[in-house]
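Asks: Can you keep this structure in mind? I'll have questions shortly.
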Amino acid sequence: MTALIFLGTLLGAIAIGMPIAFALLASGIAIMLVLGQFDAQIVVQNTIGGADNFVLMAVPFFILAGEFMNAGGLSKRIVDMAGAFVGHLRGGLGYVAIIAAILLASLSGSAVADTAALAAILVPMMRSAGYNVGRACGLMAAGGIIAPVIPPSIGFLLFGVVANVSVTKLFFAGMVPGVMMGLALVAAWWLVSRREQIQLAPKLSWGKRMALLGKGFWALLLPVIIIGGLKFGIFTPTEAAVVAAMYAMFVGLVVYRELSLAKVYECLLTTARTTAVVLLLAAMAMVASYMITIADIPGQVGGWLEVFAGNQLLLVAAMMLVVFLAGMVLDFIPIVLIFTPVFLPIAVQAGVDPIYFGVIFIMNCSIGMITPPVGVVLNVVSSIGKVSMSEAVKGVMPFLLAEAAILVALILFPALVMVPAGWWR
């Protein structure tokens, strides 16, 4: 009963236009009222506790690192470097986009920031070379959502906080699945771009390739520092976020000299605005999460899913289907904050590893950012690429199917996540 009240209040509040953060708060209060346990002090304590979390300090710094990368020239050099090696192939700019997306994902955990950087640089180039612009925008969007899966990932940070599991283990477990998403995009792009009449870029000499590789060296060094530091216990994920932000600012100011003090101010301002939204959601979601636990909503939902109780595979598949459908109408962060406290206890009780569940869950939430009608990343790329939303949706479909196929493979074969994750432990 309380599960239906929670869901009805949440969906009703969203339907009347209430911001999702306050819809989550309203849902938590609704459960309190039904249980006769309303206490304003509990609401305030959980709201403050939701934002007052050391691990969440990593969120603004990873966002800031992404802003410094884009403003300081690190993103541009990543694209130039990828173009030097595969830009001359048929459909070469598409392969450049995929390689750059994987590299950018290892620098910034924000899908929106990575997509914006890729689209701003590559879509004009692909338009002038004769590529189908809608399909190019779809590829940028599909490449951008690799960011929450490959570390450092804001999605894994939020999941780790809500689920109380190791963020570092989530980071390492996401590496291979993220690369698999990139390889799926390579295969899909090869299939759809074979017959396009496009202008081929000239093949660069090895001397020029090495020169561009040298220019991108400082950008490539960042993921090595982050992953190496985490692997050898030099710093925590939160401290890694600070290192990433400071390193990106240093390289942009001192090495590439494209980051001015005025741009630093703009980056700080943008980061503060984005962080405010994320932390407000986290704060309000803690009230809902607390009441979800008190009302034993996971137990009620588990009763609904009892038909799958004897089959771990079907149980996980049913949960992922619900998350996929939710991704069509909700943004990434609300899905993480709403469904994690409901589904994870059920999955763990059924014997599912929480790290494995976190990886496929975050990948599913990421795919939701390119599923219509909401698709926040699709909206970003259609705005930057100056194409209609319908064109972007049509263009992203082959790549959406390719990434969904990877998700299905991970559900069917958990070893694809757990075996590589064990290599890093």
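The values are calculated or read from the model by the stated rules, or taken from the named source; none is laboratory data. Predicted model only: the values in this text are computed from it and were never measured. All Cβ positions, even for glycine, are placed from backbone atoms using ideal geometry, and neighbour counts span all protein chains on display.
Asks: Are there any pairs with C-beta distances below 8 angstrom linking a residue in the range 338-350 that is more than 24 Å from L11 (Cα to Cα) to a residue that is among the small types (G, A, S) and not in a helix (DSSP H, G or I), with the two at least 6 apart or on different chains, and if so which?
Replies: From the range 338-350, the pairs are A350/A309.
Asks: Looking for something in contact with an Asp or Glu (Cβ under 6 Å, 6 or more places away or on another chain) and touching a residue at least 12 places away in the same chain (Cβ under 8 Å) - is there at least one such residue anywhere in the range 186-195?
Replies: First, pick out the residues of the range 186-195 that are in contact with an Asp or Glu (Cβ under 6 Å, 6 or more places away or on another chain): none.
No - not one qualifying residue is present in the range 186-195.
Asks: When you go through M418, M369 one by one, which is the residue that is surrounded by fewer than 18 Cβ atoms within 10 Å (Cβ to Cβ), touching a Phe, Trp or Tyr at 6+ places or on another chain (Cβ under 7 Å), aliphatic (A, V, I, L, M) and at negative phi? Steps first, please.
Replies: Details: M369 fails: surrounded by fewer than 18 Cβ atoms within 10 Å (Cβ to Cβ).
Result of the check over M418, M369: M418.
Asks: A follow-up question, please. Report yes if T115 is buried (at least 24 other Cβ atoms within 10 Å of the Cβ), of a type in the set (S, T, N, Q) and part of a helix (DSSP H, G or I), otherwise no. Please lay out each step first, then the result.
Replies: Numbers: buried (at least 24 other Cβ atoms within 10 Å of the Cβ): yes; of a type in the set (S, T, N, Q): yes; part of a helix (DSSP H, G or I): yes.
So T115 fits the description; yes.
Asks: Could you check the range 79-103 and list, in sequence order, the residues that are farther than 18 Å from R194 by Cα and at pLDDT below 85? Even if it seems obvious, please write down each step before you answer.
Replies: Applying the first criterion (farther than 18 Å from R194 by Cα) to the range 79-103 yields 79-85, 99-103.
Those that are farther than 18 Å from R194 by Cα and at pLDDT below 85: V79, D80, M81, A82, G83, A84, F85.
Asks: For A262, all conditions in the list (1) in contact with a Phe, Trp or Tyr (Cβ under 7 Å, 6 or more places away or on another chain); (2) surrounded by fewer than 21 Cβ atoms within 10 Å (Cβ to Cβ) hold save one; what is the number of the exception?
Replies: Single failed check for A262: (1).
Asks: Go through the range 10-33 residue by residue and tally those that are part of a helix (DSSP H, G or I) and surrounded by fewer than 21 Cβ atoms within 10 Å (Cβ to Cβ).
Replies: Going residue by residue through the range 10-33, those that are part of a helix (DSSP H, G or I) are 10-15, 20-33.
In the following step, the residues that additionally are surrounded by fewer than 21 Cβ atoms within 10 Å (Cβ to Cβ) were identified as 11-15, 21-22, 26, 29, 32-33.
Number of matching residues: 11.
Asks: Quick check, is A105 touching an Asp or Glu at 6+ places or on another chain (Cβ under 7 Å) and within 30 Å of P237 (Cα to Cα)?
Replies: Numbers: touching an Asp or Glu at 6+ places or on another chain (Cβ under 7 Å): yes; within 30 Å of P237 (Cα to Cα): yes.
Yes, satisfied.
Asks: Still on this structure, I have one more. I need every pair where a residue in the range 247-270 that is in contact (Cβ under 8 Å) with a residue 40 or more places away in the chain has its Cβ under 7 Å from the Cβ of a residue that is of a type outside the set (A, V, I, L, M) and part of a loop (DSSP other than H, G, I, E, B), sequence separation at least 6 or different chains.
Replies: Pairs that qualify, where the first residue is in contact (Cβ under 8 Å) with a residue 40 or more places away in the chain and the partner is of a type outside the set (A, V, I, L, M) and part of a loop (DSSP other than H, G, I, E, B), are G252/G73; G252/E258; Y256/G73; E258/G73.
Asks: For the list (1) modelled with pLDDT of 85 or more; (2) among the polar types (S, T, N, Q); (3) over 26 Å from L25 (Cβ atoms), I need the number of the one condition that S366 fails.
Replies: (3)
Asks: Restricted to the range 324-353, and to residues that are more than 22 Å from M291 (Cβ to Cβ) and of a type in the set (A, V, I, L, M, F, W, C), which residue is surrounded by the most Cβ atoms within 10 Å (Cβ to Cβ)?
Replies: F332
Asks: Residue by residue through the range 64-82, note down the ones that are acidic (D, E) and surrounded by fewer than 24 Cβ atoms within 10 Å (Cβ to Cβ).
Replies: Start the filter on the range 64-82 by keeping residues that are acidic (D, E), which leaves 67, 80.
Selection gives D80 alone.
Asks: So which of I225, I198, I234 is without any contact (Cβ under 8 Å) to a residue 60 or more places away in the chain and either closer than 25 Å to G143 by Cα or hydroxyl-bearing (S, T, Y) (or both)? Walk me through it before giving the result.
Replies: On the way: I198 fails: without any contact (Cβ under 8 Å) to a residue 60 or more places away in the chain; I234 fails: either closer than 25 Å to G143 by Cα or hydroxyl-bearing (S, T, Y) (or both).
The unique qualifying residue is I225.
Asks: Take I346 and tell me if it is in contact with a Lys or Arg (Cβ under 8 Å, 6 or more places away or on another chain), at pLDDT 85 or above, part of a helix (DSSP H, G or I) and farther than 17 Å from A184 by Cβ. Don't jump to the end; show me each part of the working.
Replies: Values: in contact with a Lys or Arg (Cβ under 8 Å, 6 or more places away or on another chain): no; at pLDDT 85 or above: yes; part of a helix (DSSP H, G or I): yes; farther than 17 Å from A184 by Cβ: yes.
For I346, the condition - in contact with a Lys or Arg (Cβ under 8 Å, 6 or more places away or on another chain), at pLDDT 85 or above, part of a helix (DSSP H, G or I) and farther than 17 Å from A184 by Cβ - is not met.
Asks: Which of (1) outside any helix (DSSP H, G or I); (2) surrounded by 14 or more Cβ atoms within 10 Å (Cβ to Cβ) is the odd one out, the single condition P202 does not satisfy?
Replies: Looking at each condition in turn, P202 falls short on (2).
Asks: Suppose the filter is closer than 30 Å to I355 by Cβ, in contact (Cβ under 8 Å) with a residue 60 or more places away in the chain, surrounded by fewer than 23 Cβ atoms within 10 Å (Cβ to Cβ) and out of contact with any His (no Cβ under 8 Å at 6 or more places or on another chain); does V165 pass it? Before you say what the answer is, go through the steps one by one.
Replies: On the way: closer than 30 Å to I355 by Cβ: yes; in contact (Cβ under 8 Å) with a residue 60 or more places away in the chain: yes; surrounded by fewer than 23 Cβ atoms within 10 Å (Cβ to Cβ): yes; out of contact with any His (no Cβ under 8 Å at 6 or more places or on another chain): yes.
The answer is yes for V165.
Asks: Give the range 125-150 a look and list any residue that's aliphatic (A, V, I, L, M), assigned to a loop (DSSP other than H, G, I, E, B) and surrounded by fewer than 24 Cβ atoms within 10 Å (Cβ to Cβ), or say none. First the steps, then the outcome.
Replies: Residues of the range 125-150 that are aliphatic (A, V, I, L, M), as a first pass: 125-126, 129, 133, 136, 139-142, 145-147, 149-150.
In the following step, the residues that additionally are assigned to a loop (DSSP other than H, G, I, E, B) were identified as 129, 145-147, 149-150.
Across the range 125-150, the qualifying residue is only A129.
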